[in-house]
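What follows is a structure written as structure tokens; I'll ask about it next.
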Amino acid sequence: MRWPPPPDWPNRDLSRQVMCKPHRWHVQEDGTGPTLILIHGAGGSVHSFRDLLPILARDFHVVAIDLPGQGLTQLGARHRCGLEQMATDLISLIRQQGWHPKALIGHSAGGALALRVSQQLKPTPAIVGINPALGHFEGVAGVLFPVMAKLLALTPGVAGFFSRSAANPARVRNLIETTGTTLPEEGLALYRRLVADRGHVDATLLMMAQWSLDDLLADLQSVRAPALFLAGDKDEAVPPSIPEAAARRMPNAHVVHLPGLGHLAHEEAPELIAGHITAFLGKLPSRIRLVERPQD
């Protein structure tokens, strides 16, 4: 997708561009108070938080960020789409903008990014993972998936071919439903627009090809920040056993199950998700220093 956002893009009035090398980032920002940063998953964009953001902005300063090359963020370096590189670039953006997040809220792969980023910020923010993708694919998929992703990312024309074929309404609906989520037509239409964009698909393939959780998973025991993992019981992309296993290895993490919700739980039930986030943040110990964004 190209700047500026389409006239009907969700929360378009909150959008702005930020140049922080090597990328030209798209962020949406609203509200005042302690800062929350929202990080979407692979193949998504800030549109995924279209309903959650304004709810949280009633009490917080909320910043949603498109990942490099995805949504409306312009990719500045094709080799910087892995977990460690993205985390480093997100930290640079956060520091440049003077944000001092109370919490990092990440969906799916964004949950892994939230964990990695939190380790390098002072004061250390809390972490909320919405169906956080914190495990490896098992069996044959664990071997074939990274290899196939690399081949697809390196093959000229694959992104365009995928965009043309996958933007079919029925295919997008089937893709979303395989994750255990049911979205209304307006939500599906937004994903169709993303999938139809060759640049967005290319960046998603690059992210998949460069992604590795090995170092993060090895460090989980050292992640001492308070963490809440929200696990949709119907999630077929990241089953609840994944965040449960990760939480057992972390000293200050716990899991809340979401009956009847799938991988895109924050799109299915934004008020419920916002309630869990607000309750969790309200219970944080007072020794965690909060930095508020002043009123404009």
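The values are calculated or read from the model by the stated rules, or taken from the named source; none is laboratory data. Since the structure is predicted, the reported quantities are computational estimates derived from the model, not experimental observations. Positions of Cβ are backbone-derived with ideal geometry, glycine not excepted, and every protein chain shown enters the neighbour counts. Keep in mind that these areas ignore ligands, DNA and RNA; they rest on the heavy atoms of the full protein, side chains included. Shrake-Rupley method; radii C 1.70, N 1.55, O 1.52, S 1.80 Å.
I'm trying to understand the selection: among the residues of region 220-234, which are over 18 Å from the mean Cα position of the chain (by Cα) and either under 19 Å from residue 123 (Cα atoms) or not in a loop (DSSP other than H, G, I, E, B) (or both)? Let's see the steps before the verdict.
Start the filter on region 220-234 by keeping residues that are over 18 Å from the mean Cα position of the chain (by Cα), which leaves 220-226, 233-234.
The answer is 220, 221, 222, 223, 224, 225, 226.
Another question, if that's okay. List pairs: first in region 158-187 and under 25 Å from residue 259 (Cβ atoms) and part of a loop (DSSP other than H, G, I, E, B), second open to solvent by 80 Å² or more (accessible area, probe 1.4 Å) and modelled with pLDDT of 95 or more, Cβ under 8 Å, 6+ apart or cross-chain?
As it stands, the answer is 180/234; 181/234, since those pairs meet every condition given.
Output the number of residues of region 214-224 satisfying the condition of being open to solvent by 10 Å² or more (accessible area, probe 1.4 Å) and either in contact with a Leu (Cβ under 9 Å, 6 or more places away or on another chain) or under 19 Å from residue 107 (Cβ atoms) (or both).
Step one: filter region 214-224 for residues open to solvent by 10 Å² or more (accessible area, probe 1.4 Å), giving 214-215, 217-219, 221-222, 224.
Filter once more, so that each one left must be either in contact with a Leu (Cβ under 9 Å, 6 or more places away or on another chain) or under 19 Å from residue 107 (Cβ atoms) (or both): 215, 217, 219.
Residues meeting the conditions: 3.
Do you know which residues across region 99-115 are in contact with a Leu (Cβ under 6 Å, 6 or more places away or on another chain) and open to solvent by 10 Å² or more (accessible area, probe 1.4 Å)?
102
I've got another one for you. Of all residues in region 242-263 being of a type in the set (A, V, I, L, M, F, W, C) and touching a helix residue (DSSP H, G or I) at 6+ places or on another chain (Cβ under 7 Å), which is surrounded by the fewest Cβ atoms within 10 Å (Cβ to Cβ)? Spell out the reasoning first.
If we filter region 242-263 for residues that are of a type in the set (A, V, I, L, M, F, W, C), which is where we start, we get 242, 245-247, 250, 253, 255-256, 258, 261.
Adding the requirement that they be touching a helix residue (DSSP H, G or I) at 6+ places or on another chain (Cβ under 7 Å) leaves 246, 250, 253, 255-256, 258, 261.
Values: 246: 26, 250: 21, 253: 23, 255: 18, 256: 12, 258: 22, 261: 25.
By that ranking, first place goes to 256.
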